[in-house]
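One structure is given below, encoded as structure tokens.
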Amino acid sequence: MRQSGVLLHITSLPSDGGIGTLGKAAYDFVDFVKDSGMTIWQMLPLGPTGYAESPYQSSSTFAGNPLVIDFEMLEAEDLLPKGSYEPLPVLQNVDFEAVKKQNRELIKRSFEYSYEKLGKNIREFEKSHPWVRDYGLFRAIKSLYNEDSWMQWPDQKIRLRKPAAVRKYKKELADQIDLYVYEQYVFFDQWSKLHEYAKSKGVMLMGDLPIYVAEDSADVWLNPEMFELDEQCRPIRIAGVPPDYFSENGQRWGNPLYAWDRHEADGYSWWISRLRALGEMFDILRIDHFIGFANYYAIPSSEPTALHGKYEIGPGKKLFDRIKAELPGLKIVAEDLGVVNQTVRDLLAYCGYPGMKVLQFAFDAEIDGELPETHTKNCFVYTGTHDNNTTLGWWEGAAPDVRARVRKVLQLKDGDDIVDGMLEAAFTAEADTAVVPMQDLLNLGEECRMNVPGTVGCNWLWRMMPVDYDKVAEKVRMLNIQSNRGKFF
């Protein structure tokens, strides 16, 4: 079936307060997706944000982001004393520091108010989420040491997870661990209710799996043998990409690389657990930087930029054979953007996963992209992604030759709306699935961009202000009808 969807992260929802949450605004957005004839709501990774609040630098690949917990729902369910929650001012950008401060205070108040009466539910949650107490220990120790990276913890015994030290901290920090377990219980309770509501409306939730995990994460601390670390658990080589469209010096992501030989020897059990957990959360899963499974860029950790790395061969077919055997129902979309060589193409063809096409890239003369008429059915087409400018912002900064190419291919005249033209091109493309950022449906400019790759401090902030969903839904319905997409066909 030809289908369509929208890209919007939870934090960008127009919820009351300082950040988008899993509350009423999320349910309203599901209704908007349904009313538009779309069937997919795609979002960014939903783990706890780490460095620079990036959802791609999470402290856990299994945990949920507590900042999107909705406190109005907690009050309504009598899990937080009435009158505890006073919404922060609604701003165009998320004020993460203010949100985090309020979130910590209210989670603690809810924990003190409700933990005992939810005891049975929380024990069942712990059994079905076996990672959660170790994650709670990690978070409790970080809190004890002023949120410093575990690489800087002063107690080397717990930093290196010596058994006696682990037992000691588990005992001393038991109450804090319970608090972080409770926080995750609340997140997953609210998430599962939203997911069930989306299913009831015929809307699939599409998640995002970063290929790498953050250095400062429970994942690396708990599984150091699965990463390229030295005897002191310091990264030997780190991840990134060479110079490209986004950065002339490349991108030095800093994530520790996987020790793929050890993963293979273990039957890729960590990967299976990771994908199983996310497969239970989402109906579709986008794997970020899929090319890294075919060949990945390795940078010595001592290098200040990504200029002097080299490519290594990834796990390739062996990993995905295991995934298909263990998780046959998992629906995966491969983010195959970047340096796509024949090795990457062969792996994608072998797996059979749909890849991605980005129209902004297709029209840029310096990018190896494909125009809409060349798309195959088995792909997802986007006007742009969270890493791109909004289409309006992109157009306003486009070179004259790019503008001329767009007008020629899309048969646009001077005065025609470029954003509408790009939306129509995405919807009418051969690709089975078209997904567009909410910013493009609202015709928003560069000030509403979500991320500028290679930069820190100004990303992940954008919030959508309240909009007339009926008006936007009518526009998208027409696009779906004209292009034979969505629930109308």
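Couple of notes before you dig in:
- Proximal aspartates and glutamates relative to K101, as straight alpha-carbon distance under 18 Å, when same-chain residues fewer than 8 apart are discounted: D16, E53, D70, E72, E86, E112, E147, D148, E183
- Peptide packing for 79-88, 125-134, 212-221 was compared via the average number of neighbouring C-beta atoms within 10 Å per residue; ordered from the highest value, the list is 212-221, 125-134, 79-88.
- Rough spin-label spacing in nm, given labels placed 7 Å along Cα→Cβ, for K157 and L442: 5.3 nm
- Against the chain, whose longest principal axis is taken from its Cα atoms, helix 418-428 shows a tilt of about 80°.
- Projected label distance in nm at C458 and D175, using a 7 Å step from Cα toward the beta-carbon: 4.4 nm
- Estimated distance in nm for a label pair at L88 and E116, the labels positioned 7 Å out from Cα along Cα-to-Cβ: 3.2 nm
- Listed residue pairs exceeding 31 Å between alpha carbons, taken from K34/K331; K117/K157; K34/K108; K127/K357; K324/K471: K117/K157; K34/K108; K127/K357; K324/K471
- Size of charge dipole - the chain - debye, nearest 20, with Cβ of Lys, Arg +1 and Asp, Glu -1, no other charges: 1240 debye
- For the stretch 161-224, the normalised intensity computed at q = 0.14, 0.15, 0.21, 0.27 Å⁻¹ comes to -0.70, -0.77, -1.02, -1.12 (log10 of I(q)/I(0), Debye sum over alpha carbons, equal scatterers, no solvent).
- A Förster distance of 25 Å, applied to the separation of the beta-carbon atoms of Y245 and D416, puts the FRET efficiency at 0.40.
- Across every direction, the projection of the convex hull enclosing the Cα atoms of the stretch 187-247 has a mean area of 7.3 nm².
- Per-residue HN-Hα couplings for the stretch 354-359 [Karplus 6.51, -1.76, 1.60; θ = phi - 60°; Hz; x = Gly/Pro]: x, x, 10, 10, 10, 4
- DSSP bridge orientation in the chain - percent antiparallel, rounded to nearest 5: 35 percent
- Intensity falloff of the chain expressed as log10 I(q)/I(0), Debye formula with alpha-carbon point scatterers, at q = 0.10 Å⁻¹: -0.79
- For the stretch 36-187: span of alpha carbons on each principal axis (Å, largest first): 54, 35, 32
- Residues with amide H under 5 Å from that of V436, placed H, sequence gap 5 or more: G5, V6, L7
- Converting phi to 3J(HN,Hα) with the Karplus coefficients 6.51, -1.76 and 1.60 and the offset θ = phi - 60°, the stretch 103-114 yields 4, 4, 5, 6, 4, 5, 5, 5, 4, 5, 7, 10 Hz in sequence order, with x at every glycine or proline.
- HN-Hα J in Hz across the stretch 209-216 - Karplus 6.51, -1.76, 1.60, θ = phi - 60°, x for Gly and Pro: 10, x, 4, 9, 10, 6, 4, 8
- Acute angle (nearest 10 degrees) that the helix 174-200 long axis makes with the longest principal axis of the chain, alpha-carbon atoms: 30 degrees
- In degrees, nearest ten, helix 317-326 long axis to first principal axis of the chain (Cα): 70 degrees
- Calculated FRET efficiency for the pair S128/D401, C-beta based, R₀ 56 Å, to 0.05: 0.50
- Helical content of the chain, expressed as a calculated mean residue ellipticity at 222 nm, amounts to -12000 deg cm²/dmol (DSSP H runs of 4 or more residues, -39,500 (n - 2.57) each, divided by residue number, nearest 500).
- Longest to shortest principal axis, alpha-carbon extents of the stretch 188-303, angstrom: 50, 36, 24
Laboratory data are not the source of any read-out in this text; all were calculated from the coordinates shown. What you are looking at is a predicted structure, and each value in this text was computed from that prediction instead of being measured. Positions of Cβ are generated from backbone atoms using ideal geometry, with glycine treated the same way; all protein chains shown enter the neighbour counts.
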